[in-house]
1. Checking the conditions here, which among 14, 49 is at negative phi, away from the ligand (no atom under 16 Å from the Cβ) and either among the aliphatic types (A, V, I, L, M) or surrounded by 24 or more Cβ atoms within 10 Å (Cβ to Cβ) (or both)?
2. Which condition number does residue 415 fail, the rest of (1) surrounded by fewer than 19 Cβ atoms within 10 Å (Cβ to Cβ); (2) under 19 Å from residue 381 (Cβ atoms) being met?
3. Residue under question is residue 349, and the condition is that it be within 16 Å of the ligand (Cβ to nearest atom), assigned to a loop (DSSP other than H, G, I, E, B) and modelled with pLDDT of 95 or more; does it hold?
4. Kindly check whether there is at least one residue in the stretch 365-387 that is within 24 Å of residue 491 (Cβ to Cβ), surrounded by 19 or more Cβ atoms within 10 Å (Cβ to Cβ), away from the ligand (no atom under 16 Å from the Cβ) and not hydrophobic (A, V, I, L, M, F, W, C).
5. Could you list all residues from the stretch 162-200 that are away from the ligand (no atom under 16 Å from the Cβ), under 18 Å from residue 502 (Cβ atoms) and in contact with a helix residue (DSSP H, G or I) (Cβ under 8 Å, 6 or more places away or on another chain)?
6. Criterion first (assigned to a strand (DSSP E or B) and either surrounded by fewer than 24 Cβ atoms within 10 Å (Cβ to Cβ) or not aromatic (Phe, Trp, Tyr) (or both)) does residue 148 satisfy it?
7. Got a number for residues in the stretch 299-336 being in contact with a His (Cβ under 6 Å, 6 or more places away or on another chain) and assigned to a loop (DSSP other than H, G, I, E, B)?
8. When the stretch 703-729 is examined, which residues are found to be surrounded by 12 or more Cβ atoms within 10 Å (Cβ to Cβ) and at pLDDT below 80?
Amino acid sequence: MKLDIPYLLAHLTLEEKAGLCSGEDSWLTKAVERLGIPHVMVSDGPHGLRTQKEKVNGSYVGSIPSICFPTGAALASSYDTALLSKVGDALGEEARSEGVQTILGPAVNVKRSPLCGRNFEYLSEDPYLSGKLASSYVKAVQAHQVGVSLKHFAANSQETMRMSVNEHIDERTLREIYLTAFELVVKEAKPWTLMCSYNRINGTYSSENRELLTGILRDEWGHDGIVMSDWGAVNRRVDGIKAGLDLEMPGSNGNNDRKIVQAVKDSSLSMEELDKVVARLLSWIAKGVEKASAPYDKEAHHLVAREAAQRSAILLKNDSLLPLDSFKDVLFVGPFAKHPRYQGGGSSHINSYRVDDAFSFAPGVEWTIGMGEDSASRDEKAMETAVSLAKKAKAVVLFLGLPDKYESEGYDRKVLSLPPCQDELVNHITSVQPHVIVVLHHGSPVSMPWKDKVEAILDMYLGGEAVGSATDDLLLGKANPSGRLAETIPLRLEDTPCFGDFARGRHEAFYGEGVFVGYRWYDDRKMDTLFPFGYGLSYTTFSLSALRLSASVWKKGETVQANVDVTNTGVRDGEEVVELYVRRAEGLSVARPPKELKGFAKVFLKKGETKTVNFILDERSFAYWDDERHCWRAERGSYGILVGISSRNLPLEAELEVEEAPLPFVVTDTMTFGELLHSGKRFPALEKMMGQFMTGHDDQTLGEGAQEMIKEMMMAMPLHSLVSFMPVSYEQFLALLQ
Ligand code: GLC
């Protein structure tokens, strides 16, 4: 719609301007009728519209029926930017038809721990995968003139104490891991809005963090939209205005609006600063359309949800039992077969249009519950019945997973395991039946002590309202599984990177693991996992060959192409995900993960077909965040280009030399001798002094290997300590440095 922003800024009163900086209620912004500024409606959430329109006694009740797509964790497992676009396109159409101007999603926080209660909404433990997939979703939604709110900016890594926890994160870790997904989306998809997180980062609430909301987000990345708060995340409103927080949601009954008015009146906030915020809000409002469009085809969107669930599912194990030829004489066990858990709890929870359960789409199948209705309680009788029926069945499909109360927005998990009754049921069933398939419904990793006892494991995650029919499509081979893990499934909770710090119920979280999150951690420590990042099977087989690079050297400002051929060597059509990782060079100046995902592509291949996949490598394929120079740095060295089908299965490899212009070298008195010599430059006077210092020490006085020990000590010695050991004054030393 058209708004004349300069005119409006000149005619809005101070009170009206302050009023525009906060919501009227949970979902609407304030209108200024007299000047033709309309309300704007925002609505959760990332995988479906939780749009509330009806009010009783002034409070919203219920939410409209809408399509519940697979949650973020499931969609990310598709590794399919085209699929994320398809879901975003459907959501954009739905939002237009319901009059929603901005959808409150996608949620791209990195999965620091598998225990985070909201991981089901988030995409991955890898920021590159998250950012690339989310960018496709955002572009597709916004093509409908509907906005998104990329959330939660930033480092909302746990639900425990989420509104107050202080996340202690070093600059490099913050940049490389917790901001990169946001950076990719802002630069590639230009989201209309971001939503700031509740938590503090290094002592400052995100809702008033100027470096985050303006320095990085706007000045560096070029975000020209608005930032809204998470609901109730505002701490000091005027500080927020100054930091770049445009919209407080929901409103605070005018309390914070009055603070803004007061601040302008007492000149602690300039009208110019306020006008900058109001101008951004008005241009955001103007991006939307005035009226809702025609109703959308719910059945068609339901089928999109079904396809999305099919293409996100991950086949974790298959000892050739799948696909089944029919459901005749097959037994389904577990409540989820009739009442699937297909979404999470909290603000993303959808009033689903209609739910497909696996039982209804499996002609001829027999069903028994095997446990308590809640999928969490043991029921001896139900278990005995399940075991006796399992004996006679051709095969048993066990529907297992996390019940609602095990994970949700608002709290974190405590353990990785499934409800004990489920693990027990698997043991009983597999003791009488060799052909057992486990179908999983969960939003974050679970342990599987029975992995070797079952013949197949199909992981549906929280697959949306059509998960049941999608599951049956996959079990019968009407669809060929093509998902890959977007997060590591660890063997034990104690193996996880932030074990011991995560959600300890304190107000402080210390990211001691640094950049070593997810597979970066397990690879660096050469730890086994239950299933590795990027892993997933298919009903067919593929082979990769002929990795070739367009150059053997990368220079700043250039790109290098990596091409690889993929062949479907199996018995049926299918989709392969090709993953490209860059392996660190040796001898770098900082500790880096052994390898990092820097490319992925999903490709459909008919049986026998071969296609070429290509990847583009640029500076950020090699760079780390240099927190001394506060910039991205692709350090010179020989890097490995690894291509394969999981983070632990990378059969193709090539070397790429990264060249780097000499960095400006400034000698400082805090620099160590080692750094000085590592620079490759010569400092004869200093080196002479070092020689003198070394000669004074021998094995008799310092023990065997004295020279080596002294050399090591010298390398780590800051130059200014020289004056403590040499007959020079500090002035002479400084003159020497010059
Ligand atoms: C919630 C969530 C956020 C959601 C908002 C509105 O607290 O953190 O993701 O969009 O409030 O429901």
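1. None of the others qualify; the one that does is 14.
2. With respect to (1) surrounded by fewer than 19 Cβ atoms within 10 Å (Cβ to Cβ); (2) under 19 Å from residue 381 (Cβ atoms), residue 415 is out only on (2).
3. So residue 349 fits the description; yes.
4. yes
5. 169, 177, 178
6. yes
7. 1
8. 722, 723, 725, 726, 728
The values are calculated or read from the model by the stated rules, or taken from the named source; none is laboratory data. Nothing here was measured: the structure is a model prediction, and the numbers come from that model. Don't worry about glycine lacking a Cβ; one is built from the backbone with ideal geometry, like all the others, and counts go over all protein chains shown.
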